Amino acid sequence: MSTLPRDILQQPTAAAVEKTLIRGATIISMDPAVGNLVKGDILVTGRAITAVGENLSDEDAIVIDANDMIAIPGMVDSHRHAWEGQLRRINSNAETLEHYSNATHLSFAKHYRPQDMYVGTLLSALGAIDAGITTVIDNSHNSRTAAHSDASVEALLDAGIRALHASGAPVSGNWDRAHWPGNLARLQEKYFKDPANDLVTLATMADLEPELWAEARRLGIPIVTEFFGEQMGAQLPQLHARGLLGPDNIFNHCTCLKDEGWEILRDAGVHINVCPRSDAHYGIEDGMFAWDAAIRHGLRPGFSVDNETSYSGDMFMEMRVAYYLERVLRVNARPPLSAGTKQDPLNSHRLLEAATLDGAACAGLQDKIGSLTPGKQADIVLFRTGDINLYPSNNAFGTVVHAAERSNIDTVMVGGRVLKRGGEMCGLDLPKLRAAVDESCEHLFSAAGYTPDVFATSFPALANHSGKK
């Protein structure tokens, strides 16, 4: 039986202290009722924000000096395949989904052991926290056995991140088909009845499969679907007519969807996320992420990283790529948009909303996270504005969206627990993490017959089959 390397985080994630006062930050609350403060304080009691304002009392509180820092809500990655963490940038020049699948589902994925699922998911989750992403919708579509599923969940729990874990059946290779869909009920019973584990909740990954959707709904868990509008949009009218679409559906991508399809998703209350980088990188359908189309039809999608096999895992680049693609789309609209066409303002405030509030809504967590609102969970990120690349910070939104990097993040708090402080991840034994990642890569590369080439401009054809994402 495999053993998970659970000693990578040397100090168990500490419980939230009774009171923490973040003092003197420039506060971007993302809540119109709270507003933004040039210099203000955030009081955290236990796991929740209890006050945002000026000159709050620090009696009995641990004080975090946030002078010369910007505070924002934790960012939300609405769709990421965290199990692929150790395959970072292995296929950086992939041009299509087939190229992506060649280096994932059709090759390495077949050889994942439970410990590989753990290492990949843990690496992705810690990298997300390091980059100010406090919540992920984890699309875990390589659950080959019950042990593989357990390892993924335990990695998320160990990392301390907030996550919606969407367990999914593998795309190719041999796997224990007998544990699907029963694996979902088993996971729910094993991990998700314990109130202490409420940072991580259960979902499932499923195609347009009404039978699997029915099982998910029996269990009361969300359904995550890789949805490509041009390919799959024709099925929406029938699904809608049968009452099979609802707010428990989360659709990724939504590229090239026709007006009728958007209207169905809106009317059914389906949650969606869009992928600024991956849609362009892999040329998914027309290669353009669907934010503009969604907005015009009255939806507010979250942003998602999707995967790290070709590019970085941060939300800063998603916001920036979104800004420039959307700018090009609007400037070069053919035919020009008619007067009165619904469009959101294209500015850094709106992009940060997509990365926080709209991502929270995509995950069904809008009442818990997404803004610095008293009563919500304390998922908070602090940026050092005195760093050489950010100083002077003449505009707070512009600093975060258009200039900040993970290296500028001083503090990350998830549910009142500090997971990064002073620019360093708390309790992380980096040499042990690297050793576990190296061992996993060595196993996967050997099993798949891959010879690493750190200067390669293309990835070898390990799997001569067409694949799906």
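Laboratory data are not the source of any read-out in this text; all were calculated from the coordinates shown. Keep in mind that what you see is a predicted model, and the values were worked out from it rather than measured. No Cβ is skipped: glycine too gets one built from the backbone with ideal geometry, and neighbour counts run over all protein chains shown.
Dividing the C-alpha radius of gyration of segment 252-330 by 2.2 N^0.38 Å, with N its residue count, gives 1.05.
Along its three principal directions, the equivalent ellipsoid of segment 190-317 from the Cα gyration tensor extends over semi-axes of 24, 21, 12 Å, largest first.
Along the chain, the exposed loop sites are GluC sites (Glu not before Pro) outside DSSP states H, G, I, E and B with at most 12 other Cβ atoms within 10 Å, and the longest stretch free of them is 60-469. Sorted from longest to shortest, the spans of the Cα atoms of segment 180-260 along the three principal axes equal 43, 22, 20 Å. Determine the percent antiparallel among the DSSP beta bridges restricted to the chain, to the nearest 5. If we restrict to bridges inside the chain, about 45 percent are antiparallel. Using the reciprocal of the averaged 1/r over all distinct C-alpha pairs, how large is the Kirkwood radius of segment 263-380 in Å? Result for segment 263-380 stands at 15.2 Å.
Entry for segment 1-155 at q = 0.16 Å⁻¹: log10 I(q)/I(0) = -0.94, Debye formula applied to identical alpha-carbon scatterers, no solvent contribution.
With N counted as the residues of segment 11-82, its alpha-carbon radius of gyration over 2.2 N^0.38 Å works out to 1.23. Across segment 142-226 the C-alpha pair distances fall into 5 Å bins from zero in the proportions 3, 15, 28, 26, 19, 8, 2, 0 percent.
Rounded to the nearest whole Hz, the Karplus-based 3J(HN,Hα) values (6.51 cos²θ - 1.76 cosθ + 1.60, θ = phi - 60°) of segment 273-278 follow the sequence 9, 10, 10, x, 7, 5, with x at glycine and proline. Out of every Cα-Cα pair in segment 360-439, what percent are more than 15 Å apart? Value for segment 360-439: 68 percent of Cα pairs lie more than 15 Å apart.
Computed log10 I(q)/I(0) for segment 63-202 at 0.09, 0.16, 0.19, 0.22 Å⁻¹: -0.29, -0.83, -1.10, -1.37, from the Debye equation with unit scatterers placed on every C-alpha and solvent omitted. Per q in 0.11, 0.12 1/Å, what log10 I(q)/I(0) does a Debye calculation on the alpha-carbon atoms of the chain return? Reported log10 I(q)/I(0), two decimals: -0.87, -1.05. Across segment 403-443, how large is the tail of the calculated P(r) beyond 16 Å, expressed as a percent of all Cα pairs? More than 16 Å apart: 53 percent of the Cα pairs in segment 403-443.
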